[in-house]
Amino acid sequence: MKTGFDWQTEDEETAVSLPKPQRLKLSRRQRAALWGLFFLLLLGGLSGWQLWRRQTARTRQVQADVGAGFQVWYQAVSQNDMELFRYQMSTADRQWLRTQGQLFANDLVLGRTPMGLSLVENNDLQPEIKIAPDYRTAEITFEQSYVPDARLHSGSEIQLQHTAVFQNENDRWVRTMPDNGFWGQTQTQEGARITMRYPQRDAEIGLQLWTDLEAALQTICAETVADGGRECDQTTHLDVELRPDAGLLSAMPDMETPVFDGRTIILPTPTLVGLPIDAGAYAAYLNGYVGRIMATFKTNIETPLSLPQQVIYTLCLAYPSDGFELRRYDPFLNTWTTVDVERPYQFLDAVPDDSRLLLQAKPDSSSPNRLHLSLLTDGDDSLLINDVTRQWQPRPVGWQTSTEPTRLLLQGADLYSATTFYNWLDLDTCDQNGCATVDLPGYVSWSPSGVNSVVVVESELFFGNATGQIVAPIEAGLHPVWLDDATLAYARFVEQDGRISMDVVALQPGSDKANLLFDADDLSAAADISEKGQLFIKYMTNSPADPHLLLVAASGIGDYAGEYFIFSVQLRAHEPDILLRERREGAPQGFPTLLTPTGYPPFSLSPDGRWLVFSDLTGVYKNSWIFYLHNMEKQETKTLRTAFPAYPARYPYYDWSADGRWLAVQDDGFMRLVAPDVDFQRLVPHEFDACYYTAWVNE
């Protein structure tokens, strides 16, 4: 079809004409209004441009100021400059500031050692700064490099993205605590094996972590059942919270130990740790961050060693109750139960053969000197003594360890004269009214069969009879130890070459001649100390497996002040061996269940004599314990770190099972079951603020 075809027919030859458009005529007033509008728009545009320029310039200036404040803060962290670090921190929230100080002191502001990640110096830091509309706060994100532990990732460096909030205080940009709006609402994911809660800000990575953990725990359950182990049930279900609490970074002592709040495992939310920026970083992050959760889950359903036929009793503090609650843990069922008792208690200990549980009631304010002791046997509570004494703070301090009779040693003091009193109870001759007390002249230690005793009165030693009464004087001495029914070993001061030294001798009842076993110079030689008179014997005991194997604690003096030693001395060979030597302030923290005339024993031994254990407070803020477990057979030492609060607990609390295979140790919000022979731990959470005295009991 041609484009010029005319669609006009013969009947329609009349052309249609359109009127010409008329030119719009504006009045002078209308034209003036239009010009005014034009100039107004132009002026508004220019004003907006100028405002944009000023805002941009201000934003850039604020970003520069924020960046400068951030660089100073980062420099303080990198150079470990505490004074500069505190200068760059907000003081608006004192608790947050103290927490940051703890993180700084333990190298955890950016360090992630508890996650298995080693910090790498970052020479090309490029932070991204986002300024709030009010120009008062700023959010900074930056990437930090780390080298993963070989157990976590086979690759090289990874990067985590960190977020820091800064605030303008007195014309200075300082690091501050994020507000609640920063984190958003808590979100929850529930599964068959794990329930997880996390803040909305970390919703993406929180969901990914929950998904991966749920799948991993399901796999562990399937593999355990396939290997003939127990099936997973509700008692193995885990509750996990990713919490926006920076203090959790310093609360996790290692890669294997989570932190508990009641029975909930709590971890610092991922933004506080740093967010992985790629798949490789996430793989290392997953293992280091939540690997402890999988390990905890697995140890609840399987153990490499048989559990003893015993249960564990402990005293747990739960505010606002008066005193402690008595709790019972069954390792086979992995369950806690509350023991119904008539009164609150403040101390417990197992009878030496673990057959019964000794309980001391907490006295009320009207009779603070009341001593109430009872024995718990298969759930039955039998009275030992209930009496208001003349003594101040009376308490059990030791046992006669022979099977017959079972004697309990008691100690108290006169409030005004500071005189110490001792009594003993014969637990095998009690009736419904309790047991008769026998006054003692001093601290008594019985021979293995109980036929003889040694009495310590201040610094003097005396031989005693079966009832703990003085028979004959010995001499001034310390740390008496029965080697057998007829041989007593003890330490004493002697003068050698015009100097005061110490030696250890053996003496038999009825004899007036002590035989030298070894002296402090023999111990010095074992420690490669050539100078004489450099050691002071602080404590001595013998092994339950071999009474002629002495364990001796000594501290250095003179040039060796500040050093602490533990020796083993096999008396049949007369050759001291050094077990441990370290520089420290004072002796290790004592074992609080027993008490000697010179204080709490600095170490304890397992019932089979294979393990020697002592502990000490450690950390810049003395906020954790380190346990040294020395294997006497293999002559090797293992360490265990816990976060049990040092206040109000001045001592660690632990106890060995009867077979010497399992060690129950109280920690912050949970109890550890440790099998050091196979490097195994089970973490047993509870809902109490803290649990103290701990005892394995046959049942």
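The values are calculated or read from the model by the stated rules, or taken from the named source; none is laboratory data. Note that this is a predicted model, so its numbers are computed, not measured. Note: ideal-geometry Cβ built from the backbone for every residue, glycine included; neighbour counts use all protein chains shown. These area figures cover heavy atoms from the full protein model, side chains too; ligands, DNA and RNA do not enter into them. Shrake-Rupley method; radii C 1.70, N 1.55, O 1.52, S 1.80 Å.
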Looking at HIS162, is it at pLDDT 95 or above and crowded, with 17+ Cβ neighbours inside 10 Å? yes
Restricting the first residue to segment 339-367 and requiring it to be under 14 Å from SER382 (Cα atoms), which pairs with a second residue that is surrounded by 20 or more Cβ atoms within 10 Å (Cβ to Cβ) and among the polar types (S, T, N, Q) meet a Cβ separation below 6 Å and a spacing of at least six or different chains? LEU359/SER374
Considering segment 482-498, residues that are more than 17 Å from ILE537 (Cβ to Cβ) and touching a residue at least 40 places away in the same chain (Cβ under 8 Å), and then whichever is least open to solvent (accessible area, probe 1.4 Å), we arrive at TRP482
May I ask you to verify whether GLY288 is of a type in the set (Gly, Ala, Ser) and open to solvent by less than 10 Å² (accessible area, probe 1.4 Å)? yes
Take the conditions of a type in the set (Gly, Ala, Ser), on the phi < 0 side of the Ramachandran plot and open to solvent by less than 50 Å² (accessible area, probe 1.4 Å) and apply them to ALA545. Does it pass? no
Any residue in segment 567-578 that is in contact with a His (Cβ under 8 Å, 6 or more places away or on another chain) and within 24 Å of PRO597 (Cβ to Cβ)? yes
Restricting attention to segment 291-315, which residues are among the charged types (D, E, K, R) and open to solvent by 10 Å² or more (accessible area, probe 1.4 Å)? LYS298, GLU302
For THR264, are the conditions met, namely being buried (at least 17 other Cβ atoms within 10 Å of the Cβ), more than 30 Å from GLU139 (Cα to Cα) and in contact with a Pro (Cβ under 7 Å, 6 or more places away or on another chain)? no
Between a first residue in segment 111-136 that is over 15 Å from VAL147 (Cα atoms) and in a loop (DSSP other than H, G, I, E, B) and a second residue that is open to solvent by 30 Å² or more (accessible area, probe 1.4 Å) and not polar (S, T, N, Q), which pairs have beta carbons less than 8 Å apart while being 6 or more apart in sequence or on different chains? GLN126/GLU143; ALA132/GLU139; TYR135/ARG58
Quick one: in segment 377-391, which of the residues that are modelled with pLDDT under 80 and over 33 Å from the mean Cα position of the chain (by Cα) is least open to solvent (accessible area, probe 1.4 Å)? GLN391
For segment 247-324, which strands (runs of 3 or more DSSP E) that fit wholly inside it have 3 or more residues that are touching a residue at least 40 places away in the same chain (Cβ under 8 Å)? 259-261, 310-317
State which residue is least open to solvent (accessible area, probe 1.4 Å) when the search covers only segment 505-518 and only residues that are assigned to a loop (DSSP other than H, G, I, E, B) and in contact with a Phe, Trp or Tyr (Cβ under 9 Å, 6 or more places away or on another chain). ALA514
Entirely in segment 650-699, the strands (runs of 3 or more DSSP E) that have 1 or more residues that are touching a Phe, Trp or Tyr at 6+ places or on another chain (Cβ under 7 Å) and among the charged types (D, E, K, R): 654-656, 663-667
For the structure I just gave you, tell me whether PHE324 is crowded, with 19+ Cβ neighbours inside 10 Å, over 15 Å from THR377 (Cα atoms) and either touching a Phe, Trp or Tyr at 6+ places or on another chain (Cβ under 8 Å) or modelled with pLDDT under 85 (or both). yes
Tell me whether segment 610-629 contains one or more residues that are assigned to a loop (DSSP other than H, G, I, E, B), at pLDDT 90 or above and over 19 Å from LEU594 (Cβ atoms). yes
Residue that is most open to solvent (accessible area, probe 1.4 Å), among those in segment 562-585 that are in a loop (DSSP other than H, G, I, E, B) and in contact with a strand residue (DSSP E or B) (Cβ under 8 Å, 6 or more places away or on another chain): HIS574
Filter result for the condition that a residue is under 30 Å from LEU84 (Cβ atoms), open to solvent by less than 70 Å² (accessible area, probe 1.4 Å) and within 28 Å of the chain's Cα centre (by Cα), over THR176, THR195, THR236: THR176
So, in segment 519-535, exactly how many residues are acidic (Asp, Glu), in contact with a strand residue (DSSP E or B) (Cβ under 7 Å, 6 or more places away or on another chain) and either open to solvent by 50 Å² or more (accessible area, probe 1.4 Å) or without any contact (Cβ under 8 Å) to a residue 12 or more places away in the chain (or both)? 1
Which residue is farthest from THR596 (Cα to Cα), if the candidates are limited to segment 427-446 and must be open to solvent by less than 30 Å² (accessible area, probe 1.4 Å) and assigned to a strand (DSSP E or B)? GLY434
State all residues of segment 91-107 that are surrounded by 18 or more Cβ atoms within 10 Å (Cβ to Cβ) and assigned to a loop (DSSP other than H, G, I, E, B); if no residue qualifies, say none. ASN106
State which residue pairs qualify: first residue modelled with pLDDT of 90 or more and inside segment 499-518, second residue open to solvent by less than 90 Å² (accessible area, probe 1.4 Å) and among the basic types (Lys, Arg) in any location, beta carbons under 9 Å apart, and separation of 6 or more residues or different chains. MET502/ARG492; ASP503/ARG492; VAL504/ARG492; VAL505/ARG492; ALA514/ARG492
Checked segment 458-477 for anything under 20 Å from PRO601 (Cβ atoms) and either open to solvent by less than 20 Å² (accessible area, probe 1.4 Å) or at pLDDT 95 or above (or both); matches are LEU461, GLY477
Looking at SER365, SER355, SER374 in this structure, which one is open to solvent by 30 Å² or more (accessible area, probe 1.4 Å), modelled with pLDDT of 85 or more and either farther than 30 Å from THR299 by Cβ or in a loop (DSSP other than H, G, I, E, B) (or both)? SER355
